[in-house]
Amino acid sequence: MPSSKSYAHRMLMTAAFSRTQSTLLGDFSSEDTSATLRVLTALGAKFESVNGGVKITPAVRTRRAVADCGESGSTLRFAVPISAALGTETTFIGAGRLGERPMDELLNCLKEHGIKVTGEGLPLKISGKLSAGEYRIDASRSSQYATGLLLALPLLDGDSTLTVCGEASRAYIDITLDVLKDSGADVTLSGNTYFIRGGYSVSGERKAEGDWSNAAFWMIAGLLGEEISIGNLNAASRQGDRRVVDLLREAGGNLSWENGRLVVKPSELHGIAFDADDIPDAVPAMSVALASANGTSVITGVKRLRIKESDRLTAVTDMLTRLGATASYNADKDALTIEGVPHFSGCTLLSYNDHRLAMAGAVAAVRARSPITVTRAEAVKKSYPAFFADYESLGGKICRLPL
């Protein structure tokens, strides 16, 4: 598996504002990770490609910058408070739906601490400089608000506190804390308040672990098709999507660790119920697995899927319906109900320019009676540029249609 985007974003950012030069090993070719490299370069850091990764020279702070975040929500939500901590007047730009994704709680928090914000959506300009103090953020819509501040506050002169209300996707904050600890930042937690003392001291060589979110698609392919083994995964990872292994086992899947690799064997699945509030990125892959299972499955905690790269709740429902399964959403219960079918119908699936929908459609073809066409399949470049090359290396058959 290629490097985890979640770890790569955070590790690159802490290294970029450390006191010493360091090297980060991993695959940083995805569009989202490239956006983070681009933004950190604009903020004064330098990156040099080395065998298996990048060498990072910490930033020389700049007065003004233009930061192109592409379509990466993580890059934008992390870099905005970092830029405010640095006191760099920065104009943030981006593409796709990025300007529509919510930022209000984070921007209001920065305004309360003296940051001037100009613009709605993108372009977005911020100016001013944060000071150490007491911060509070409502992270019920996105854990990325909390992560952005946790990454930024160590850069201030003096100690700060951050009180987080309504944490969403706790696993992502755990990843942030893991990286902060590895980066030398002094962060302690009492209740829902973080105590933060300044400074990063990254040095030497580190490695970004493999991506569990993208591994989920190969797990589904292995369960629906033929045996697949997956390497470069940390069995004790803090990534929330590691939980997919347990969910698939609960559904009857045969998954085991052999010689450091996760081995997935064809299995007859049955319906299950689970809450996806902490693992929203796993829903597209899990929905394909459960649409092929015997019986009914219910996934709750899915309303935040509407504010991802696409309206993933609508997109997943549309995908499953086209495949021949039955899928419906109950807003009152915040529950997606899926009725499984033995085989999928050949059809055209819309990726909605969403990398996870494109990959979900591709692995659904393993159980389809006739070919499946996925529109805008190039969306996989956002997180996994080599996905279709890996798909073909595993025996998948692809015909690339002219645009």
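Within segment 93-112, the residues that satisfy the criterion of being under 17 Å from Tyr172 (Cβ atoms) and either crowded, with 22+ Cβ neighbours inside 10 Å or without any contact (Cβ under 8 Å) to a residue 24 or more places away in the chain (or both) are Met103, Leu106. Residues in segment 323-367 that are among the charged types (D, E, K, R) and part of a strand (DSSP E or B): Glu339 alone.
Looking across segment 144-162, just one residue is open to solvent by less than 10 Å² (accessible area, probe 1.4 Å), in contact with a Ser or Thr (Cβ under 6 Å, 6 or more places away or on another chain) and without any contact (Cβ under 8 Å) to a residue 60 or more places away in the chain, and that is Leu150.
Can you tell me which residue within segment 368-403, out of those that are in a loop (DSSP other than H, G, I, E, B) and basic (Lys, Arg), is nearest to Leu350 (Cα to Cα)? So the residue we want is Arg376. Does Gly158 satisfy the criteria of being farther than 27 Å from Ile307 by Cα, assigned to a loop (DSSP other than H, G, I, E, B) and touching an Asp or Glu at 6+ places or on another chain (Cβ under 9 Å)? Here the answer is no, as Gly158 does not meet what is asked. State all residues of segment 163-173 that are at pLDDT below 95, open to solvent by 10 Å² or more (accessible area, probe 1.4 Å) and not basic (Lys, Arg); if no residue qualifies, say none. Of everything in segment 163-173, those that are at pLDDT below 95, open to solvent by 10 Å² or more (accessible area, probe 1.4 Å) and not basic (Lys, Arg) turn out to be Cys165, Gly166, Glu167, Ala171, Tyr172. Candidates in segment 379-399 are the residues that are hydroxyl-bearing (Ser, Thr, Tyr) and more than 14 Å from the chain's Cα centre (by Cα); of these, the one that is surrounded by the most Cβ atoms within 10 Å (Cβ to Cβ) is Tyr391.
With a requirement of 1 or more residues that are open to solvent by 40 Å² or more (accessible area, probe 1.4 Å) and in contact with a Gly (Cβ under 7 Å, 6 or more places away or on another chain), the strands (runs of 3 or more DSSP E) lying completely within segment 245-307 that satisfy it span 261-265, 273-275, 296-300.
Scanning segment 10-33 for residues that are open to solvent by less than 30 Å² (accessible area, probe 1.4 Å) and either part of a loop (DSSP other than H, G, I, E, B) or in contact with a Phe, Trp or Tyr (Cβ under 8 Å, 6 or more places away or on another chain) (or both) returns Arg10, Leu12, Met13, Thr14, Ala15, Phe17, Ser18, Gly26, Phe28, Ser30.
Among all residues of segment 75-92, there is none that is surrounded by 22 or more Cβ atoms within 10 Å (Cβ to Cβ), of a type in the set (Gly, Ala, Ser) and outside any helix (DSSP H, G or I).
Filtered by the rule that a residue be farther than 21 Å from Phe274 by Cβ and open to solvent by less than 20 Å² (accessible area, probe 1.4 Å), segment 231-244 gives a lone residue, Gly231. Restricting Arg38, Arg61 to those that are open to solvent by 40 Å² or more (accessible area, probe 1.4 Å), part of a helix (DSSP H, G or I) and touching a residue at least 12 places away in the same chain (Cβ under 8 Å) reduces the list to Arg38.
Scanning segment 278-327 for residues that are among the acidic types (Asp, Glu) and within 19 Å of Lys5 (Cα to Cα) turns up Asp278, Asp281, Glu309. Residues that are part of a loop (DSSP other than H, G, I, E, B), open to solvent by less than 10 Å² (accessible area, probe 1.4 Å), at pLDDT 95 or above and closer than 30 Å to Asp354 by Cβ: does segment 113-132 have at least one? No: zero hits.
All conditions but one from (1) modelled with pLDDT of 95 or more; (2) open to solvent by 40 Å² or more (accessible area, probe 1.4 Å); (3) out of contact with any Cys (no Cβ under 6 Å at 6 or more places or on another chain) apply to Arg322; the one that does not is (3). Only a single item in (1) without any contact (Cβ under 8 Å) to a residue 24 or more places away in the chain; (2) under 22 Å from the mean Cα position of the chain (by Cα) is not met by Asp332, and it is number (2).
The values are calculated or read from the model by the stated rules, or taken from the named source; none is laboratory data. Keep in mind the model is a prediction, meaning the values are calculated, not measured. Glycine gets a Cβ as well: all are built from the backbone with ideal geometry, and neighbour counts include every protein chain shown. Areas reflect the complete protein model, heavy atoms only, side chains present, ligands, DNA and RNA absent. Shrake-Rupley method; radii C 1.70, N 1.55, O 1.52, S 1.80 Å.
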